[in-house]
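Values in this text are rule-based calculations from the coordinates and carry no lab data. Just so it is clear, the model here is predicted, and its values are computed rather than measured. All Cβ positions, even for glycine, are placed from backbone atoms using ideal geometry, and neighbour counts span all protein chains on display.
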Amino acid sequence: MRVLLVGSGGREHALAWRLAASPLLTELHAAPGNPGIATLATCHPVAADDGDGLLGLARFLAVDLVVVGPEAPLVAGVADVLRHAGVPVFGPSAAAARIEGSKRYAKELMAAVGVPTAATFDSPRVPCVLKADGLAAGKGVVVCRTAAELAAGLDVVRRLGEPLLFEELLEGPELSVLALCDGREALVLAPARDFKRAYDGDAGPNTGGMGSFAPVPEMDDDGLATIVESCVDPVLAELARRGSPFVGTLFVGLMLTSAGPRVLEYNCRFGDPETQSVLPLVEGDLLEALAAAAQGSFDGIRLGRAERSAVTVVLTAGDYPRSGARGAPIDGVAAAEALGALVFQAGTALSDGRLVANGGRLLGITGTGPTLAAARSLAYAAADAIHIPGSRRRDDIASDAST
Ligand code: AMP
Ligand code: GLY
């Protein structure tokens, strides 16, 4: 099977790594990819949101499947351009991707099928959570506990120029559930947790994600099955009924409140950096499952889950999320891999044949092991082996869960 993978982040490097292990794979291509992905795939200089360019590439390469990683191209309709031309795609249509592209649409959908979620208010109050309707790369949500935070938050989100939502402030640990969907049915992967705040102890601004781990010990199989029954299956049924079946990864962001799980948001794609921790635990052929979903039916395909744990630590530019790093040399990747860790590249580039920093999140280092503690030790030992001047990381990824 010839596959084209769309995207250039750590999530896509993890997908490339997993797809490359499939016996069904004959050729792996990426657009645009990154230097890590280029060790597994042939990279092509076509932007992830260039639907016509991707269609031309898919036809030229005669690919059997396109896997789209990031949300922006999906919300913009890249999967539709490909699918309408007869190219099988793992990734939702623009109509189905609205579940991430519009928070108001997601809320309306949840209300229509009774998904447990935060209440919405007609006007802002203290406490509440402010949300801008559209995609805002993590900048569209402000948690307001005080009047001062509310005033400052309103200032920020109003400048995004989007309709606003005002939501009940929920408390509790968060959970990321990734479900592969064929339009009707879901195959759920290991439940994960990501670390969104920039600094240890969940301090500082929100980021794209500083680390992750899976599975989450407090979420057992019954709890996960209940979440799928209440938060995934009814949404898939409703989207199919509305004529926009969801084919791709439905990512449910939940808060585990004292009153039970509540959905904070849906995303229309794999999470980053959850994917880096979740994919190493998948037992079975991921490519076979994605191809079956793209054809509209899992048709008896099941994926298992290894009785292991994974922890991912992200190395970022020193000033991330305010700014990225350009040109700092990256050393020690081979030493980290020699310890048994996986090193997934995100913001990297090659300069005169040398791997250098080129972005905010630079690398994700994933350790796996029989326990969360073992996985965590490996991830940090491997992270210690990598040297990037001026970079930083969080030192407390999975620390509470692994003690
Ligand atoms: P979202 O993009 O909707 O997931 O929001 C980003 C982050 O904001 C979440 O991961 C939570 O940490 C926080 N958040 C979102 N909605 C709520 C809520 N209703 N109550 C508390 N925190 C929230
Ligand atoms: N890690 C959260 C996300 O991918 O949106």
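Each part gets one Cα centre, and for the stretch 354-390 versus the stretch 66-130 those centres are 31 Å apart.
Over the chain, Cα pairs under 8 Å with separation of 6+ residues give a relative contact order of 16 percent.
Straight-distance candidates among the lysines for linking to LYS103, with alpha-carbon spacing under 18 Å and chain neighbours fewer than 8 residues away dropped: LYS131, LYS139. In plain terms, the residue of PHE270, PHE298 with the fewest other Cβ atoms within 10 Å comes first and the most crowded comes last, giving PHE298, PHE270. Classify the chain as rounded, prolate or oblate from the Cα gyration tensor: take a ≥ b ≥ c as the square roots of its eigenvalues, call it rounded if a/c is under 1.5, otherwise prolate when a/b beats b/c and oblate if not. Judged from the Cα gyration tensor, the chain comes out rounded (a/c under 1.5).
Comparing VAL247, VAL129, VAL66 in a Gaussian network model of the chain where C-alpha atoms under 10 Å apart are linked, the largest mean-square fluctuation is found at VAL129.
Which whole-number percent gives the relative contact order of the stretch 259-383, counting Cα pairs below 8 Å spaced six or more residues apart?
26
Highest mobility in the GNM of the chain, judged by mean-square fluctuation with C-alpha springs under 10 Å and restricted to SER123, SER244, SER93, is found for SER123. Between the amide H of PHE246 and those of GLY183, ALA240, distances stay under 5 Å, these residues lying 5 or more places away or on another chain, with hydrogens modeled in the peptide plane. For a straight C-alpha distance cut-off of 14 angstrom, the aspartates and glutamates reachable from LYS196 (same-chain residues fewer than eight places away being disregarded) are GLU174, ASP272, GLU274, ASP395, ASP396.
Other residues lying with their Cβ under 12 Å from the Cβ of LEU165 contribute a combined charge of -3, Lys and Arg counting +1, Asp and Glu -1.
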